[in-house]
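Read the figures in this text as sums done on the coordinates, not as results from a lab. A quick note: this is a predicted structure, and the numbers were derived from the prediction, not measured. Positions of Cβ are backbone-derived with ideal geometry, glycine not excepted, and every protein chain shown enters the neighbour counts.
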Amino acid sequence: AKDPVRVLVTGAAGQIGYALVPMIARGVMLGPDQPVILHMLDIEPAAEALNGVKMELIDAAFPLLRGVVATTDVAEACKGVNIAVMVGGFPRKEGMERKDVMSKNVSIYKAQASALEQHAAPDCKVLVVANPANTNALILKEFAPSIPEKNITCLTRLDHNRALGQISERLNVHVGEVKNVIIWGNHSSTQYPDVNHASVITTNGAEKSVKDAIANDDWLKTEFITTVQQRGAAIIKARKLSSALSAASAACDHIRDWVLGTPKGTWVSMGVYSDGSYGIQPGIIYSFPVTCEKGQWSIVQGLKVDEFSREKMDATAKELMEEKSLAYSCLNR
Ligand code: NAX
C-alpha cells in the first residue's frame, strides 16, 4: 500500500475549499489508490467553520482519508506537506482599490512562502488559486527561494476547461473529444484563450482542427474569447457567488496531470515561471501550454504564433509586468 500524501488546502473554510476537500479525500486529485492526509488552514474568524468542515470530513468516512489537520497556525498547517493548494486570500471588496487588495495578498503570500519553505516536504508542489493568482504565485516564489521555481504554479486550468466547454457546446460533441486549447498569460480578463492548435474528434472518429470544425473565424476571434474571459463574471451574476465547484475540479485536474502526467498528445494550461519561451519575458508567472511527465511540467515548444495571437499574448504579459511592479511597490511600503 502507498504511504499517504499530505495535501495542504489554505482557505479551507471558504467556498472553493468546501468543494475541494471532499474531492481530494475521494481520490479525484491523486488517484483512487493514493491515501491522503488533509491539512486545512484558515484564519481565526473562520476557525469554527473550519472545524465544522473537519467534522463533515470525518462523517463522510472516506476510505482514502488517513487524517485531518485543521488549524489556524500556518507552521502547523505546512508541516511535512507534499502538495500545497493555496486558496486562501484577501478578496476584493466593493470600493477597494487594486493596490490595497494587492497589498493584503502580498503580505499573506510572503508569510506563507516562508512557512512553506521552513516546514513543507522538500519537494513540495505548490498551486496558487487565490487571486491575483499569477502574482500571488510570483510573491510566493520570491519569498521561498529554497523551493525549486518549477514547483510553484498558479491555476489557469479553470479557464482552459471553460474553453474546452465552449468548443464542445458549440460543436455539440463531448468535451472529452476536444483537446489542446491554450490559455496564455494572466488569470484575468486579459487572458488569451487560443484555439489555433486545438483539435476535436468528429462523429466519424476522425481528428479535425477546431478551426476547421467550427469554420467561423469571426466567432472564434470575438465571442468565444470574450465568453471565456468573462465566464467568472457570468457565474457571479447567475449564482451571486463566484465559481467554486468548477474551480475545485480544475485544481484537482491541475495537480493530477502534474503528478501523474498528461495523456500522450495532449497538453494543458498551467501558470508557470516564464523561461522566455514564446518571447515572454522571464520574471513573471505566465500561463503556457505544458505537458507533464514524472512529476515535471515542460512548456510545449514550437507552436506557430500569428500576429493576432502575438498581440494578445503580449498584452496579457504587459498586465502581469504591471501587477508585478504594483506588488513590489506594496512590499516596499
Ligand atoms: P472564500 O472567500 O469563500 O474563501 C476564502 C477563504 O480564505 C476564507 O475562508 C478566508 O477566511 C480564507 N483566508 C483569508 N485569508 C487567509 C489566510 N491568510 N490564510 C488562510 N486562509 C485565509 O473565497 P473562494 O470563493 O473560496 O475563493 C478563493 C480564492 O480563489 C479567491 O481569491 C478567488 O478570487 C480565487 N479564485 C481563483 C480562480 C482561479 O481560476 N485561479 C477561480 C475561482 C476563484 O475566483
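Normalising by residue count, segment 92-178 has a Cα convex hull of 119 Å³ per residue. Placing a label point 7 Å from the Cα of Glu117 along the Cα-to-Cβ direction, the residues of segment 124-145 whose backbone N falls under 11 Å from that point are 140-145. With only the Cα atoms considered, the chain has a convex hull volume of 144 Å³ per residue. Net length available on complete extension from Lys93 to Asp212 is 38.5 nm, with 0.36 nm assigned per residue and the Cα-Cα distance removed.
Here the mean projected area of the convex hull built on the C-alpha positions of segment 4-64 is 3.6 nm². Note on the chain: helix-only mean residue ellipticity at 222 nm, from DSSP H runs of 4+ residues weighted -39500 (n - 2.57) and normalised by residue number, equals -13500 deg cm²/dmol. Mean shadow of segment 1-135, computed from the convex hull of its alpha carbons, in nm²? Here the figure is 8.2 nm², rounded to one decimal. The long axis of helix 307-331 is offset from the longest Cα principal axis of the chain by roughly 20 degrees.
Just checking the listed ones, Ala49, Ala111, Ala61: in the Gaussian network model of the chain with Cα springs under 10 Å, the one fluctuating most is Ala61.
Helix 98-119 and the long axis of the chain differ in direction by around 60°, with both axes built from C-alpha atoms. The convex hull built on the alpha-carbon positions of segment 171-271 has an orientation-averaged projected area of 7.3 nm².
Return the tail of the calculated pair distribution for segment 229-285, meaning the percent of Cα-Cα pairs more than 16 Å apart. The proportion of pairs with Cα distances above 16 Å equals 62 percent. Selection among Thr135, Phe308, Asn51 by position relative to the dipole of the chain gives Asn51 as farthest towards the positive end (Cβ unit charges, Cα centre).
Between helix 47-59 and the chain there is an angle of about 80 degrees, using the helix long axis and the longest principal axis of the Cα atoms.
Consider all pairwise Cα distances in segment 204-243 and report the whole-number % of them above 16 Å. Beyond 16 Å sits 53 percent of the P(r) for segment 204-243. The fewest-to-most ranking of Lys2, Lys93, Lys324 by surrounding Cβ atoms within 10 Å reads Lys93, Lys2, Lys324. Calculated on the alpha-carbon coordinates, the convex hull of segment 54-211 measures out at 184 cubic angstrom per residue.
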